[in-house]
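Notes follow once the structure below has been shown.
Please treat every number below as a calculation from the coordinates, not as lab data. No experiment lies behind these values; they were computed from the predicted model shown. Note that we place each Cβ from the backbone using ideal geometry, even for glycine, and neighbour counts take in every protein chain shown.
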Amino acid sequence: MIPFENLALSNKSFEEGFNKAFQSFIKDGRYILGSRLESFEKEFAAFLNMPYCIGVGNGLDALVLSLRALNLEPGSEVIVPSNTFIASILAILQVGLKPVLVEPRLETYNIHPDRIEEKIGPNTAAIMVVHLYGKCCEMDKILAIAHKHSLPLIEDSAQAHGARFRNELAGTWGILNCFSFYPTKNLGGLGDGGAIVTANEELNQNIRSLRNYGSSKKYYNDEIGVNSRLDDLQASFLSVKLPHLESMNAHRRNLASLYKKELKREFITPVFEDDYKDVFHIFNIRHPERDRLKAYLWEHKIGTEIHYPVSPHQQPALKSMFDPDEFPVSEEIHRTTLSLPCSICHSENQIQEIIEVLNRF
């Protein structure tokens, strides 16, 4: 069986480092907001060449706290892609704002810059881009739109650790940039975790307070905050893996290039472009008989996933908010997409085996 992901195998090479980090963590006796979190925050900020990183409980909290820190008018609108993972939209709703969905490019699955401005109106307060599947959005065009309309830009970089557009890293373009360290991410912990990266000192201080009960001084609460702190144990595990992020991403790119080179053209594969350095958090293909293809691969002992089977505007929790016929591109993506194994736990030989099976479909 070739699994879609095997986290135990993916993390095996880091076990010695994890064990040392754990023993040090136990002996230290400070487990929340300690030196290991501080070290990881500095390391991840340095990796991105950004001044500030704030570790938080998970990727959703990173988005929620970012939106809260911007103090946007209640009920105002936030532009967000129509085919994103639901967390992007839930964050907007949880802070009392209104998501306005914009269709993606069918070729890249990322928000279409030419469709953003038509959705900007008097109530638009921010733009949230999502670097889906590990490919950066067209940030030059999007940043120009944000500047033109004086709108803050938030990056949801949960799937794009180390991805680049024109040699600029995902998570360095927006005023606030959000990451998830969920175990399956390119930089994943052994539990949940997230971070917010920014170059803005005021927002940095505000979010540090918000994540810790609204307190910047122990037992003194300046605002209504939450408990959302990346714990020191996960931070120490992430510090073990961070120096290897670029090589892990290179491995994913190598596997993706094998798929791209050898799969038959009946499979719609991701686009490879000179200005982009993708990290393939997900390698997805599209096929009109996706469900039959998925079953066929399972019969041949190959695990796959669907990211995602239901578009956000069709989710039971959200469908009353949107016109069901307004997002045909999103519908087409969700109807035909299939994610193939493409992780650091997979070998070139396994990918070649998958390609041979696919090409016989």
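Just a few scattered comments:
- Qualifying GluC sites (Glu not before Pro) for the range 44-143 [loop in DSSP, other Cβ within 10 Å: at most 13]: E107
- Counted charge near A256, where neighbours are those whose Cβ lies closer than 11 Å (Asp, Glu -1; Lys, Arg +1): +4
- The trypsin sites (Lys or Arg not before Pro) of the range 239-314 meeting both criteria, a DSSP state outside H, G, I, E and B (loop) and at most 11 other C-beta atoms within 10 angstrom of the site's C-beta, are K264, R265, K301.
- Two numbers describe the Cα atoms of the range 101-242: Rg and Dmax, which are 16.7, 51 Å.
- Top positive-direction residue, dipole computed over the chain with Cβ charges, set P122, A87, S228: S228
- Size of electric dipole in the range 7-243: Cβ of Lys, Arg +1 and of Asp, Glu -1, about Cα centre, debye, nearest 20: 440
- Relative contact order, whole percent, for the range 7-243 stands at 27, derived from Cα pairs under 8 Å and 6 or more residues apart.
- Highest-first packing order for the peptide set 92-99, 268-275, 211-218 is 92-99, 211-218, 268-275, based on the mean count of other beta carbon atoms within 10 Å.
- Local electrostatic count at F280 - Lys and Arg +1, Asp and Glu -1, tallied over other residues with Cβ under 15 Å: +2
- The mean of 1/r over all pairs of different alpha-carbon atoms in the range 165-265, once inverted, gives a Kirkwood hydrodynamic radius of 16.2 Å.
- In plain terms, the C-alpha convex hull of the range 208-308 casts an average shadow of 11.2 nm² when viewed from every direction.
- Calculated diffusion of the chain, Stokes-Einstein form, Kirkwood radius summed over Cα pairs, 4 °C and 1.567 mPa s, µm²/s: 61
- The range 245-359 - Rg (one decimal) and Dmax (whole number), Cα, Å: 15.6, 47
- Of the two radii for the range 1-94, the radius of gyration is 1.07 times the Kirkwood radius, both from the alpha carbons; that is the Rg over Rh value.
- Helical content alone sets the calculated 222 nm signal of the chain at -11000 deg cm²/dmol, taking -39,500 (n - 2.57) per DSSP H segment of four or more residues and averaging over every residue.
- Length-normalised contact order of the range 245-359 in % [C-alpha pairs under 8 Å, at least 6 apart]: 37
- Theoretical FRET efficiency, 1/(1+(r/R0)^6), r = Cβ-Cβ of E266 and R335, R0 22 Å, to 0.05: 0.85
- Trypsin sites (Lys or Arg not before Pro) restricted to DSSP loop in the range 1-82 with at most 11 other C-beta within 10 Å: R30
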